[in-house]
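The values are calculated or read from the model by the stated rules, or taken from the named source; none is laboratory data. Keep in mind it's a predicted model, so treat the numbers as computed, not measured. Here the Cβ is made from the backbone with ideal geometry for all residues, glycine too, and neighbour counts use every protein chain on show. Heads up: the accessible areas ignore ligands, DNA and RNA and are worked out on the full protein's heavy atoms, side chains in. Shrake-Rupley method; radii C 1.70, N 1.55, O 1.52, S 1.80 Å.
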Amino acid sequence: MERKRILITGAAGFLGSHLCDRFVQEGFHVIGMDNLLTGSLRNIEHLFPLENFEFYFHDVTKFVHVPGKLDYILHFASPASPIDYLQKPIQTLKVGSLGTHNLLGLAKEKKARILVASTSEVYGDPEVHPQPEEYWGHVNPVGPRGVYDEAKRFMESITMAYHNFHGVETRIVRIFNTYGPRMRLNDGRALPAFMTQALTGQDLTVFGDGSQTRSFCYVSDLVEGIYRLLFSDYHLPMNIGNPDEISLLDFAKEILELTGSKQKIVFKPLPTDDPKQRRPDITKARTILGWEPKVSRREGLRLTLEYFKKHIDELHSPQNT
Ligand code: NAD
């Protein structure tokens, strides 16, 4: 039987590479696309020998052409960590706007179903807790994080417009903080920062007083949620994340315990517009997709720590600085 063909943008990144693995395993022909802005070919090199995987080095803000038929598109290309999008603000805005436009155009041309990767950042610093999909958000468009948050908000708007105006089959996933192997060790997010600090004998840096909360979802749970959403018939935005909320101070303590590190916790000023709390309301994912996270934080952190231990020596290699 002919394989279904799927294009995955951001394929060399953390989430994109795990999605490539899943769709390859499911027997799809996977076309990975990436310009390596924040990703690495090392995340997907194990797929290169397979006959049902191919890779295009391409910037999706430029016209996107893929020969042959295409059944599905997953648009995951975008800098995703605050360090990355603060260093690359224009690329971040362009990939969320022009990139999404190009991929929606491709979906329309190929009559493919497209799923776009939105984010809990569309809720900004939320005044509603936990955050259901109906909440419109609290974002500062001209603050430093606005380049990411507003790019994703535009992405959602143009995706809905292509659905309503052109009848393109669209899906929108709002991803909450996700972690796991292949996160970049120095991407600046709390988990990689705490783990690398603990593993390299530095004190753990907590911003503010550490009372701000996050909810961390293990990558295999997220991939399962995305897989189910793609094949559902639900076209409105859907939260996928783990509602198990923890303060960053307690999280830092958990990492110290897990790594057996004797380092201290030190406090630094809170960055501008840092959200005070984050926790997904996953009622829709539970009822519509029959999905909920399965991997506990303890187990997920153990698996992630194994990866970090293996890769800690690469932290200061030129590629990672
Ligand atoms: P990542 O940085 O590891 O991966 C993003 C990939 O996109 C990289 O490989 C990068 O090189 C590629 N890319 C960036 N601009 C591109 C362009 N113009 N053309 C082609 N490729 C380009 O980040 P990630 O954590 O894997 O995030 C993937 C997607 O999921 C992003 O869209 C992000 O906004 C979204 N997301 C992630 C999280 C999370 O917790 N990781 C949370 C919410 C949303």
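Could you list, in sequence order, the residues of the range 200-219 that are crowded, with 17+ Cβ neighbours inside 10 Å and touching a residue at least 60 places away in the same chain (Cβ under 8 Å)? Answer for the range 200-219, where residues must be crowded, with 17+ Cβ neighbours inside 10 Å and touching a residue at least 60 places away in the same chain (Cβ under 8 Å): 204, 206, 212, 213, 214, 215, 216, 217, 218, 219.
Looking only at residues that are open to solvent by 40 Å² or more (accessible area, probe 1.4 Å) and not aliphatic (A, V, I, L, M) in the range 92-101, which one is farthest from the ligand (Cβ to nearest atom)?
Step one: of the range 92-101, the residues open to solvent by 40 Å² or more (accessible area, probe 1.4 Å) are 93-94, 98, 101.
Filter once more, keeping what is not aliphatic (A, V, I, L, M): 94, 101.
Working: 94: 7, 101: 12 Å.
Filtering the range 92-101 for residues that are open to solvent by 40 Å² or more (accessible area, probe 1.4 Å) and not aliphatic (A, V, I, L, M), the one farthest from the ligand (Cβ to nearest atom) comes out as 101.
For the range 108-151, name all the residues that are surrounded by 19 or more Cβ atoms within 10 Å (Cβ to Cβ), at pLDDT below 95 and among the aliphatic types (A, V, I, L, M). The one that is surrounded by 19 or more Cβ atoms within 10 Å (Cβ to Cβ), at pLDDT below 95 and among the aliphatic types (A, V, I, L, M): 139.
Find the helices (runs of 4 or more DSSP H) located wholly in the range 213-321 whose residues include 2 or more that are touching a Phe, Trp or Tyr at 6+ places or on another chain (Cβ under 6 Å) and among the hydrophobic types (A, V, I, L, M, F, W, C), and list them. If you could, list the steps in order and put the result at the bottom.
Values: elements: 219-230, 248-259, 297-311.
Helices (runs of 4 or more DSSP H) meeting the threshold: 248-259.
Examine the range 267-276 for a residue that is open to solvent by 40 Å² or more (accessible area, probe 1.4 Å) and within 19 Å of the chain's Cα centre (by Cα), and state whether such a residue exists. Scanning the range 267-276, I find no residue that is open to solvent by 40 Å² or more (accessible area, probe 1.4 Å) and within 19 Å of the chain's Cα centre (by Cα), so the answer is no. Give me the pairs: first residue in the range 78-91 and closer than 19 Å to residue 116 by Cβ and within 8 Å of the ligand (Cβ to nearest atom), second residue small (Gly, Ala, Ser) and not in a helix (DSSP H, G or I), beta-carbon distance under 8 Å, and six or more apart or on different chains, which are they? What qualifies is 78/10; 78/117; 80/13; 81/188; 84/188.
For the range 106-123, name all the residues that are more than 15 Å from the ligand (Cβ to nearest atom) and not in a loop (DSSP other than H, G, I, E, B).
So the first thing to find is which residues in the range 106-123 are more than 15 Å from the ligand (Cβ to nearest atom), and the list is 107-113.
Result: 107, 108, 109, 110, 113.
As a summary of the residue check, residue 36 satisfies the conditions (1) over 18 Å from residue 117 (Cα atoms); (2) within 8 Å of the ligand (Cβ to nearest atom) except for the one numbered (1).
Got a sec? Which helices (runs of 4 or more DSSP H) wholly within the range 1-99 have at least 1 residues that are closer than 22 Å to residue 181 by Cβ?
Details: elements: 14-25, 82-87, 89-94.
Per the criteria, 14-25, 82-87.
Against the definition (modelled with pLDDT of 95 or more, under 18 Å from residue 6 (Cα atoms) and either away from the ligand (no atom under 11 Å from the Cβ) or open to solvent by less than 10 Å² (accessible area, probe 1.4 Å) (or both)), how does residue 57 come out, yes or no?
No: the conditions fail for residue 57.
Looking only at the range 279-291, count how many residues are closer than 14 Å to residue 130 by Cβ and in contact (Cβ under 8 Å) with a residue 60 or more places away in the chain. Full working, then the answer.
Narrowing the range 279-291 to residues closer than 14 Å to residue 130 by Cβ: 279-286.
Among the residues that remain, those that are also in contact (Cβ under 8 Å) with a residue 60 or more places away in the chain are: 279-281, 283-285.
Within the range 279-291, residues that are closer than 14 Å to residue 130 by Cβ and in contact (Cβ under 8 Å) with a residue 60 or more places away in the chain number 6.
Looking for whichever is open to solvent by less than 10 Å² (accessible area, probe 1.4 Å) and part of a helix (DSSP H, G or I) here; the options are 194, 154, 165. Which one fits? Result of the check over 194, 154, 165: 194.
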